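First up is the structure itself, then whatever we jot down about it.
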Amino acid sequence: MIYSLSVFAGGQQGNVQPFSDEDSSVETLSHCSSLSERTSAAEEAGETEEMAEEDFQYKLKVYIDSTVDKSAKTRQGALDGLKTAMATKILYEFISERRMTITDSIERCLKKGKGVEQCAAASLACLLCIQLGSGIESEEVFKTLKPVFRTIHNDGAANIQARQACATSLGLCTLVAEDDIMDVYATMECFESLFTHSYVREDGSRPSVNPQTTQLHTNALLSWALLLTICTGSHIRAIAQKHLAKLPRLLENDDVNMRIAAGETIALLFELIRDVDPEFDYDDWEQLCEQLNALATDCNKHRAKTDKRKQRSVFRDVLKAVEEGDFQSETIRFATERMVIDSWVKKRTYDAFREFVGSGMNYHLQANEFIRDVFELGPPMLIDSAALKAMKSSRLERHLYNAAAFKARTKARNKFRDKRVDVGEF
C-alpha cells in the first residue's frame, strides 16, 4: 500500500512545502531581534545603575555643602546623612578628593555646634578615617581634629555628651591615623586622667560621680583599652605595674557598664602581659578571682535582672581569662567568608569599629581593605551578584522554615506541658 505524504502530515489534505529561504530569513531576524532586546535591556540596566550612582553622589555633595548651613537642624541632618553613607558603602575615591572639605566641616561643627551636633561630627570623623584607612590622608585629617578632640575631652565645662563622644572618637582615630607611638601614649594619659577618678579610694570610700560623668569615664576606659592593643611590650609591662592593682577598684562601681568595661579591660591586660611575659605572676590573683567570681554569680536584689544577666555572662568569660588564660571564641560570617574572634585584643578592636559602622560592619569586613588588613583577612574577594544571590535564601523560604520550626517546637512543648498525658508514657 502506498501512503501519501498528507498522512504523515497529521491527516491534513494538501502538499508539504519544503523549508524555504524565506522561512530561514524570518527565523534569523527573530533571533537577532531577541538578541538585540537582551543587549538593549543590559545597556538600560547599566545606564540605570550609572544614573543611580550619579544621584547618590549628588546627594553626598548636597550633604557636604549643608554642613556649613546656618540652620543647626540642617547641619545635623547633613552630618547624619554622611554618617549613614560612610557606614554602609565604600566611598574612598569620592571622599579622598573632598577629605579636607569634610574635615573643615567637622572641625567647625565640633567647635561651634552644640551637644548632638558635636556628637554627630565626632562620629563622622571616625567614619572618615575608616574610609581613608591608615596612611597620609587620614593622618592629615587627624592632625587637624586631634587638638579639638582633646580640648573638648578635657574641658569640664563642655557639654557632657560631646565629651563622651570625643573620648570614644579620639581613641579610634588615634588607632587608625596616629603616626607617632609617643603621641599614642600621651593620648592614653589623657584617658587615664578621666577614668582614674572613678577608682574606689584606698580607704574604701567611693567618689561622688553622677551617671553622665560615669559614662564619660567608661568611654575613656574603653578607648584606653583599645590603644593598649597597639602598645609595645615594654609599655605594657609599665601599664600592668601601674594599673593592674588599681583597675579592680572599678569592679565595685554602681554602674553595670563601668563594671563590664573594667572586667574586659582586666582580661585584655592579662592577655597582653602574658604574651609579653609568660611567667607573669600577679600578687593579688586569688583576691581578684574571688571578686570576679562574685560578679559572675551576682544575685544582688537591688540590681535589675537584665543588668545581672549581662554582667554574669561577661564575668564568666573574664574569670576564665584570668584563671586559665582562656577566651570564648566567636565566629563572624559575612558573604562567603568567616572571621573568628579568638582573643580579647581582637574583640576590643572589633567592638570599637562596630560601634561606628553598626549594621554595615559585615559589608566593611567584606570590602574595606583597611579593616580587612586590621583583621588579617587578605585582599577583598570578588563575588558577582548572581553568586551572592544564589547563596541567600529567599524571604519566603526563611519564613516557611521558621514557621515549621515554631510549629514543631510548640507541639513538643504542649505535649510535655499537658497534664492529661500519663507519666508512664514518657
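Coordinate-derived values only; no laboratory data. As the structure is a computational prediction, the values presented were derived from the model and not from experiment. Note that we place each Cβ from the backbone using ideal geometry, even for glycine, and neighbour counts take in every protein chain shown.
Summary table below
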{"item": "Highest-first arrangement of 226-236, 129-139, where packing means the average Cβ count within 10 Å", "result": "129-139, 226-236"}
{"item": "Linear extension gain, F375 paired with E290, 0.36 nm per residue minus alpha-carbon span", "result": "27.2 nm"}
{"item": "Shape of segment 257-382, Cα gyration tensor, a/c cut at 1.5", "result": "oblate"}
{"item": "Radius, Kirkwood style, for segment 83-240 when every pair of distinct Cα atoms is counted (Å)", "result": "16.3"}
{"item": "Distance between segment 337-356 and segment 121-161 - C-alpha centres, whole angstrom", "result": "22"}
{"item": "Debye equation applied to the C-alpha atoms of segment 185-340, log10 I(q)/I(0) at 0.17 Å⁻¹", "result": "-1.07"}
{"item": "Peptide ranges 280-288, 249-257 listed from the most packed, as the mean C-beta count within 10 angstrom indicates", "result": "249-257, 280-288"}
{"item": "Net length gained if the chain between K310 and E324 were fully extended (0.36 nm per residue, minus Cα distance)", "result": "2.9 nm"}
{"item": "Residue pairs, from the table K89/K112; K59/K146; K73/K111; K59/K89; K59/K143, whose Cα atoms sit over 18 Å apart", "result": "K89/K112; K59/K146; K59/K143"}
